[in-house]
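Data first, discussion second: the structure below is written as structure tokens.
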Amino acid sequence: MKALIKVLVVSVVGAGIGVGVGRMLAPTGEPPPKTSLGKLQKGNEHFVKGKLTHPRQDPETRQKLAYEGQSPMAIVVACADSRVPPEILFDQGLGDLFVVRCAGNVVDDYQIASIEYAVAHLKVPLLVVLGHSDCGAVKACVAGKPLEGHLPKLMQGIEPALRKVKATRPHLKDKALVERVIAENVRLTLLNLYKRSEIIQTQMKKGKLEIAGGVYHLSEGTIEWLKLPEEIAFAEAKPEKPGAPKEAHGHEVHGEKEHAHEEKAAEGVKHSQKAHSEKHADPHAGGKGSH
């Protein structure tokens with residue numbers, strides 16, 4: 001009997017050790033992303049792999065949001081195309097995304113006002129403009145054919161992107177031209193938002209708002225994240241901080257320049273400062289070198 005008990009004890013202890021070692025050796029997995037952009041990227045990975053988690057779509061979440069209000073983690077400006085629902089593409093749930101949609105993912109005063117509400121009053125930390133492949137609005141703009149109703153007004157929002165691409169890449173035709181205009185349209189929408197909204201500028205300079213742009217590929221389900229326009233990238237890379245030394249543009253001074261566009265902007269500031277000094281040093285300088 002004692003021998004049987006001893007065997008059982010040894011077996012239980014051995015099993016416990018085995019479980020402990022197994023837990024130690026088992027892969028722990030990647031830690032969940034902490035940033036809003038990281039969460040969107042991880043959610044899109046779920047979507048691409050067909051492993052959606054459908055988070056925060058239960059009755060408890062619905063009730064909580066109804067009584068406590070919303071606190072979305074990202075604003076997504078997207079095309080109205082039925083194939084591009086942001087909540088599904090990013091595997092998010094109720095209250096996660098503040099979505100503003102318009103064909104061609106362009107913005108006017110109403111869209112900007114909606115975005116400003118989310119930035120200023122809901123304190124959303126991320127603004128994303130999302131275009132998509134095979135965009136019908138962009139294709140119509142590139143085709144340049146007469147359109148009915150209010151559609152010509154929509155084309156006015158996309159035409160700046162078409163003009164820029166034709167000016168910089170006149171060799172592009174057909175599908176290649178459309179794809180380039182889709183990406184440029186995303187960047188110009190971001191730039192339009194930045195230039196027209198003091199609220200967006202202020203929150204970016206305070207380091208409280210991040211901006212990103214991407215193109216969703218319909219067939220693959222993936223998102224191609226784009227390089228930001230130069231003005232926005234410079235502002236985002238150098239948010240204002242209390243007590244930080246300032247450049248002429250009001251951004252924090254950094255010791256190292258990681259991107260070519262930042263170097264160019266810094267050289268422009270240096271040139272203006274030098275011209276300003278020369279003007280004051282020479283009383284006969286006149287208007288030369290002034291801004």
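Restricting to DSSP loop positions (anything but H, G, I, E, B) with no more than 16 other Cβ atoms inside 10 Å of their own Cβ, which trypsin sites (Lys or Arg not before Pro) remain in region 158-192? If you can, show how the numbers build up before the last one.
On the way: sites: Arg163, Lys164, Lys166, Lys173, Lys175, Arg180, Arg187; in loops: Lys173.
Hits after loop and neighbour filter: Lys173.
Please go through region 123-196 and write out the GluC sites (Glu not before Pro) that DSSP classes as loop and that have at most 15 other C-beta atoms within 10 Å.
Working: sites: Glu148, Glu179, Glu184; in loops: Glu148.
Hits after loop and neighbour filter: Glu148.
Between Ala66 and Gln41, 0.36 nm times their residue separation minus their Cα-Cα distance comes to what?
On the way: separation 25, 0.36 × 25 = 9.00 nm, distance 2.72 nm.
Additional length available on full extension: 6.3 nm.
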Residues meeting the amide H criterion for Val77 (H placed from the backbone, H to H distance under 5 Å, 5 or more places apart or on another chain) are Val100, Val128, Val129, Leu130
Hits in region 26-65: amide N under 13 Å from the 7 Å Cα→Cβ extension of His217, namely 48
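Taking the DSSP beta bridges in region 36-239 as the whole, what percent of them are antiparallel, to the nearest 5? Mind dumping the intermediate values first?
Details: 3 of 19 bridges.
Antiparallel: roughly 15 percent of the beta bridges in region 36-239.
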With 0.36 nm assigned to each residue of separation and the Cα-Cα distance removed, Lys206 to Lys34 gains 60.0 nm
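All of the numbers you see were taken from the coordinates with simple rules; none came from a lab. Note that this is a predicted model, so its numbers are computed, not measured. All Cβ positions, glycine included, derive from the backbone under ideal geometry; neighbour counts span all protein chains shown.
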